[in-house]
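What follows is a set of notes on a single structure, which appears directly below.
No lab work stands behind these numbers, since they all come straight from the coordinates. Remember, predicted model here, so these are calculated numbers, not experimental data. Please note: Cβ atoms are built from the backbone with ideal geometry, for glycine as well, and neighbour counts cover all protein chains shown.
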Amino acid sequence: MAAVRDNVFPTRMNLTVTKTRLKGAQTGHSLLKRKSEALTTRFRVILRKIEDAKLKMGKVMQTASFSLAEVAYITGDIGYQVRENAKRATFKVAAKQENVSGVLLPAFEAEVRAGAGQFELTGLGRGGQQVQRARTAYVAAVAMLVELASLQTAFVILDEIIKVTNRRVNAIEYVIIPRIENTIAHINSELDEQDREEFYRLKKIQSKKKERAARAQKEIDEAARRAIADGNLHQAVGGDAPAARDLLAEQADEDVIF
Amino acid sequence: MNEIHFNVDAGYLEGVVRGYRDGLITSPQYLNLTQCETMDDLKLQLATTDYGSLLQNEPSPLSTSTLAARCTDALVAEFQYLQQNAAEPISRFLDYITYGYMIDNVILLITGTLHERDTHDLLEKCHPLGFFDSMPALCVATTVKELYHTVMVDSPLAGYFRECLSAEDLNELNMEIIRNTLYKAYLEDFDAYCRSLGDPTATIMSEILSFEADRRTVNITINSFGTELSKDDRARLYPRLGGMYPEAQTKLARVDDMDQVKAILEQYGEYRSMIVGVNLSMAGGDSGSSALSLEDRFFAKEVQLNKDSFEQQFHYGVFYSWLRLKEQEIRNVVWIAECISQHQKDKIANYTNIY
């Protein structure tokens, strides 16, 4: 893949910053991965519980609705009477929150108030036992429903969150980390390139300097030899200063451009 | 000498009722019904009985509640036919039969009024047999006191109310206690009325009503275990008639659990056989047991008594018996339908066979 990288200026500071980011991304990745694993474990447990609960549910509901049929057989229709006499709930559901690796899962808890409730006298004339039995059966069924509801909500939420977490893990692993690595590689290569240029420049300057020094030396030698050749030692000694002045004037050559 | 004049007034109706009796589902038909796998099969089987024409126009996924409603409609239609054709002594007897349903309806209305429900909705829930003329007027009353003063005093039940309750009680007492108090008064009154009718009716009806009273006594005892109903109140709800009055009732008023009830019932010949083999731990909530419950025994006994009343002629008991048998039949059919629709075939045989 043609290296996707951040658009940063290749400087040493940016390199440090990007390296810190890489470190952060890696830590985040491992943390998220662990979270996802924890959630998945939890998810499996819930899944197993849901399966059990659903299987049990069928049976409990069947018993309950059948006990209602028994009541209908013996007592007749008591629905209205029971509904009217219900004043306070004997069965309450409390919603709680459970924290699973940072995910808040709602948990429902059933609270059954003790006592037979207001309609304990229902069916006094006939079928009271069946009424109470149907009541017990339905309390069990509702408790089951509450448990199942709690599991089911947790199931849906966990499913969603596991998906999100896995998406993040993969995003970090396959997109963010490679990009940061590419960026680092890019910065490094740019910096190396700069180093090499700098080195070359220094070399070039050095060689120019050497060349110039060699030429100056040569001119001095030349002048000295000419003076000796003229035999004008005295002039040569006395004309030492003008000769040096000339040399400086001669230095007005072109600038070296790299 | 009753027998000579009996047919003048009651001959036609007795004939009708005996004809109705022959329409009751017989045991081979019950066997066929229990063989059904789906509600449609059941409908098909019922088509050969008196219910056939009723269910013809019902849409195919037949629910048990529709079935029950249709059957009750049929029962009501037949009973109302009897009422419309009845002359003085029988019409009064038939009215007496409906008082039981009236009590239920009135309790329903009072409960609804206490909770400020719309009384028009309540009227739809009332049992059609328990309708009386002033009942729609109950809708006008908004408080219980008003209800009592304006409506109840005109109703046939006024006497029962006057005897046992005051308007203040209506607000305070548990509805279930009121219902049972009224029912007790009704049973006693009905029994007294039957006795006044003279011999064949009196003998037969007193037997049936005694049994009804005994059954209520036992049931009230069993069902009041572990409730707020005090023992004095319990004793006050026992009808003052029947084989258990007064001796067994005084004993039953003091018991605390099923074993003691059993010990008392064993002293009475007709009930000893009934409690043998009955699962007494029923109150513990063991719904898985397929053993016949005490209620089932009571039903069987009731059916037996009511069948016996058809063995004699020239008495009014047949009307009461037919209604009870028909009710039992509806219960049976609904039970079978429930078992089929809930796939509980192992309990399907728990109905009470009639013929």
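Observations
- The protein assembly as shown has equivalent-ellipsoid semi-axes of 105, 25, 22 Å, by the square roots of 5 times the alpha carbon gyration tensor eigenvalues, sorted largest first.
- Amide hydrogen neighbours beyond the local backbone of A:Val93, cut-off 5 Å, H modeled: A:Glu111
- Magnitude of the charge dipole for the protein assembly as shown, about its Cα centre and with charges confined to Cβ atoms of Lys, Arg (+1) and Asp, Glu (-1), is about 3340 debye.
- DSSP loop GluC sites (Glu not before Pro) with at most 16 other Cβ within 10 Å: longest gap in chain B: B:117-227
- Cut-off 13 Å between beta-carbons: net charge of the residues surrounding A:Val17, Lys and Arg +1, Asp and Glu -1: +3
- C-alpha center-to-center spacing [segment A:1-36, segment B:1-70] in angstrom: 84
- Between B:Ser65 and B:Arg18, the simple spin-label model (points 7 angstrom out along Cα→Cβ) gives 4.1 nm.
- Counting all C-alpha pairs of segment A:21-165, share separated by more than 21 Å (%): 58
- Distances between placed amide hydrogens fall under 5 Å for A:Ala107 paired with A:Lys96, A:Gln97, A:Glu98, all partners being 5 or more residues away or on another chain.
- Between A:Asp77 and A:Asp159, the C-beta separation translates, for a Förster distance of 45 Å, into a calculated FRET efficiency of about 0.60.
- With a Cα cut-off of under 19 Å and a minimum spacing of 8 residues unless on different chains, the lysine pairs in chain B number 10.
- Peptide B:225-238 - average C-beta neighbours from other chains (10 Å radius): 2
- Computed from label points 7 Å out along Cα-Cβ, the spacing between B:Asp73 and A:Asp195 is 9.8 nm.
- B:His120-B:Arg162 FRET efficiency (beta carbon distance; Förster radius 41 Å; 0.05 resolution): 0.90
- If the segment from A:Phe9 to A:Ile220 were pulled out straight at 0.36 nm per residue, it would be longer than the present Cα-Cα gap by 71.0 nm.
- Candidates B:Val17, B:Val334, B:Val255, ranked by Gaussian network fluctuation over chain B, Cα under 10 Å, top entry: B:Val255
- Contact order relative to length of chain B, as percent, for alpha carbon pairs under 8 angstrom and 6 or more apart: 21
- A cut-off under 14 angstrom between Cβ atoms defines the neighbours of B:Lys251, and their net charge, with Lys, Arg +1 and Asp, Glu -1, is -2.
- Considering only B:Asp191, B:Asp41, B:Asp214, the Gaussian network model of chain B with Cα springs below 10 Å gives its largest mean-square fluctuation to B:Asp41.
- Partner shielding of A:69-77 amounts to 6, given as the average count of beta-carbon atoms from other chains within 10 Å of each residue beta-carbon.
- The loop-placed trypsin sites (Lys or Arg not before Pro) in segment A:1-108, going by DSSP, that have at most 16 neighbouring Cβ atoms within 10 Å of their Cβ come out as A:Lys87, A:Arg88.
- Within a straight-line Cα-Cα reach of under 17 Å, A:Lys49 can be paired with the following aspartates and glutamates, leaving aside sequence neighbours fewer than 8 residues apart in one chain: A:Glu98, A:Glu109, A:Glu147, A:Asp159.
- Reference-scaled alpha-carbon Rg (2.2 N^0.38 Å with N residues) for chain B: 1.03
- Among B:Tyr320, B:Tyr193, B:Tyr96: highest mean-square fluctuation, GNM of chain B, C-alpha pairs under 10 Å: B:Tyr193
- 3J(HN,Hα) from dihedral phi, segment B:257-262, Karplus parametrisation 6.51/-1.76/1.60, rounded to Hz, x for glycine, proline: 8, 4, 4, 5, 4, 4
- Karplus (6.51, -1.76, 1.60) ³J(HN,Hα), θ = phi - 60°, over segment B:230-243, in Hz, Gly and Pro reported as x: 6, 5, 5, 4, 4, 4, 6, 8, 5, x, 8, 7, x, x
- Between the residues A:Asn99, A:Met144, A:Gly28, the greatest Cα displacement towards the positive end of the dipole of segment A:21-165, with unit charges on the Cβ of Lys, Arg, Asp and Glu, is found for A:Gly28.
- Spin-label pair B:Asp346-A:Gln62: with each label point 7 Å from Cα along the Cα-Cβ axis, the two points sit 0.9 nm from one another.
- Remark: relative contact order (segment A:21-165) = 35 percent; criterion is Cα-Cα distance under 8 angstrom and separation of 6 or more residues.
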